[in-house]
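First up is the structure itself, then whatever we jot down about it.
The values are calculated or read from the model by the stated rules, or taken from the named source; none is laboratory data. Note that this is a predicted model, so its numbers are computed, not measured. Virtual Cβ from ideal backbone geometry, glycine too; neighbours counted across all protein chains shown.
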Amino acid sequence: MTSPFQLAKEEKTTQLLEKLNALTKWHMEQNPEYRAMLEKSGVSIEAKTLEEVPYLPVQLFKLMDLVSVPKEQVVKVLTSSGTTGQQVSKIYLDKETSIAQTKTLVEVMKPILGDKRLPMIILDTKSVLKNRKSFSARGAGILGFANFGRKHFYALNDDMTLDMEGLQNFLEEFKGQRILLFGFTFMIWQFVYKESIKQGLKIDFGDSILIHGGGWKKLKDEAVDAQTFNRLLKEQLGIQEVHNYYGMVEQVGSIFVECSHGHLHTPKFADVIIRDPITFKPLPFGEQGLIQVLSELPKSYPGHSLLTEDLGTILGEDDCPCGWKGKYFTVAGRIPKAELRGCSDTFQGGVKA
């Protein structure tokens, strides 16, 4: 399998545009609400550039049930995180889309994790996975990344305390082996890092690689940026390698993962465009604006082109020092005043995402 970061701009754009146009057409035919929105907006269905692909605001999935397959074909419903009383996005997956998402996630992570399943610690609680048919953003993330590990160990008890005994036993059992860690940014910070300091616990994860995403807002409030986060986790917990990723429940599978230089990258089956928050015009590289995410995966719902509530900046394309092709970018966080619904931002005082 070739790396998803090998296609240069021209070849990638041609392939992706063709697939996105096919998806727009498919959703127009299968989804009356989507068709009505596009017809009303008067946009061209056959885009000539990626910037012309019609997009939906991500908030729409909170307000409408958008499904492009018969309901009986839906095998899984994903929900975005939301605090009590907040509306959540509902994303309907059929078998085909669900399988495509799993395969794509494997492809994206392979350059970092390799082919071998690693002993895995999930820095979360097992109770997130209660209902196998309906998943929160947290549950979907855990389930997706669990494919890369074996001998899964959940490090947090149901009350979010650290299972120190279980953790020490696991680390002892796999001493000297590379270990995969996965979790959501704020929860790792709050319930693993801070807790270990507060209780004076000595944890050394050894030869470990951490994949984490979602929920930077609270860390920004504490003036913790990515570099500080990585450094403190190494000092306190001995975590050797850290990769952040950017993704959302509305486009599960199409995640943008951090390279060795700390840049988020677009793989061959997904892309990002930055738009002016007021005019929605595409912005040049180096300017901050709203992130639009494009993905060839969503077939069971019209989520192939979405305007998010997140602010970001594209740094360049095909010339990152890490050697990966594609656009590379940074995310600055949610647009001010937008409804907050990050994967783990909403874990407040026991409100589970």
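Exactly one residue out of LEU50, LEU56 is within 15 Å of PRO298 (Cβ to Cβ) and either surrounded by 15 or more Cβ atoms within 10 Å (Cβ to Cβ) or out of contact with any strand residue (DSSP E or B) (no Cβ under 8 Å at 6 or more places or on another chain) (or both), and it is LEU56. Every condition in (1) modelled with pLDDT of 95 or more; (2) over 25 Å from LEU180 (Cβ atoms); (3) of a type outside the set (S, T, N, Q); (4) in contact with a helix residue (DSSP H, G or I) (Cβ under 9 Å, 6 or more places away or on another chain) is met by ALA270 except one, and the failing one is (2).
Of all residues in the range 87-103, those that are of a type in the set (Lys, Arg) and at pLDDT 90 or above have Cβ atoms under 8 Å from Cβ atoms of residues that are assigned to a helix (DSSP H, G or I) and surrounded by fewer than 21 Cβ atoms within 10 Å (Cβ to Cβ), 6 or more apart or on another chain, in LYS95/GLN73. Answer yes or no: is there a residue in the range 42-50 that is of a type outside the set (A, V, I, L, M, F, W, C), in a loop (DSSP other than H, G, I, E, B) and closer than 16 Å to THR266 by Cβ. Scanning the range 42-50 turns up at least one residue that is of a type outside the set (A, V, I, L, M, F, W, C), in a loop (DSSP other than H, G, I, E, B) and closer than 16 Å to THR266 by Cβ. Applying the condition of being of a type in the set (Gly, Ala, Ser) and over 24 Å from LEU311 (Cβ atoms) to the range 48-86 and asking which residue is modelled with the highest pLDDT yields SER68. Of all residue pairs spaced 6 or more apart or on separate chains, those with beta-carbon atoms under 7 Å, a first member in the range 214-238 that is more than 20 Å from CYS259 (Cα to Cα) and a second member that is at pLDDT below 75 and in a loop (DSSP other than H, G, I, E, B) are LYS217/LEU340; LYS217/GLY342; LYS217/ASP345; LYS218/ASP345.
Collect the residues in the range 277-322 that are of a type in the set (Asp, Glu) and within 15 Å of the chain's Cα centre (by Cα), keeping them in residue-number order. Can you show your working first?
Just the residues of the range 277-322 that are of a type in the set (Asp, Glu), to begin with: 287, 296, 309-310, 317-319.
Correct list: GLU309, ASP310.
Take PHE135 and tell me if it is closer than 23 Å to VAL88 by Cβ, surrounded by 12 or more Cβ atoms within 10 Å (Cβ to Cβ), among the aromatic types (Phe, Trp, Tyr) and at pLDDT 90 or above.
For PHE135, the condition - closer than 23 Å to VAL88 by Cβ, surrounded by 12 or more Cβ atoms within 10 Å (Cβ to Cβ), among the aromatic types (Phe, Trp, Tyr) and at pLDDT 90 or above - is not met.
Over 26 Å from GLU309 (Cα atoms), among the small types (Gly, Ala, Ser) and part of a helix (DSSP H, G or I): is that true of SER98 in this structure? Talk me through it step by step, then tell me what you get.
Values: over 26 Å from GLU309 (Cα atoms): no; among the small types (Gly, Ala, Ser): yes; part of a helix (DSSP H, G or I): yes.
Spelling it out, it is not the case that SER98 is over 26 Å from GLU309 (Cα atoms), among the small types (Gly, Ala, Ser) and part of a helix (DSSP H, G or I).
Exactly one residue among GLU222, GLU258 is surrounded by fewer than 22 Cβ atoms within 10 Å (Cβ to Cβ) and not β-branched (Val, Ile, Thr), and that residue is GLU222.
Residues of the range 260-282 that are without any contact (Cβ under 8 Å) to a residue 24 or more places away in the chain and either on the phi > 0 side of the Ramachandran plot or among the aliphatic types (A, V, I, L, M) (or both): ILE278 alone. For the range 173-207, taking the residues that are under 27 Å from the mean Cα position of the chain (by Cα) and among the basic types (Lys, Arg), the one that is surrounded by the most Cβ atoms within 10 Å (Cβ to Cβ) is identified as ARG178. Can you tell me which residue among SER98, SER80, SER89, SER68 is over 21 Å from the mean Cα position of the chain (by Cα), under 21 Å from SER295 (Cα atoms) and of a type in the set (Gly, Ala, Ser)? Result: SER68 is the single residue among SER98, SER80, SER89, SER68 that is over 21 Å from the mean Cα position of the chain (by Cα), under 21 Å from SER295 (Cα atoms) and of a type in the set (Gly, Ala, Ser). If you take the residues in the range 24-37 that are assigned to a helix (DSSP H, G or I) and in contact with a Leu (Cβ under 9 Å, 6 or more places away or on another chain), which one is surrounded by the most Cβ atoms within 10 Å (Cβ to Cβ)? Looking at the filtered set, the residue picked out is HIS27.
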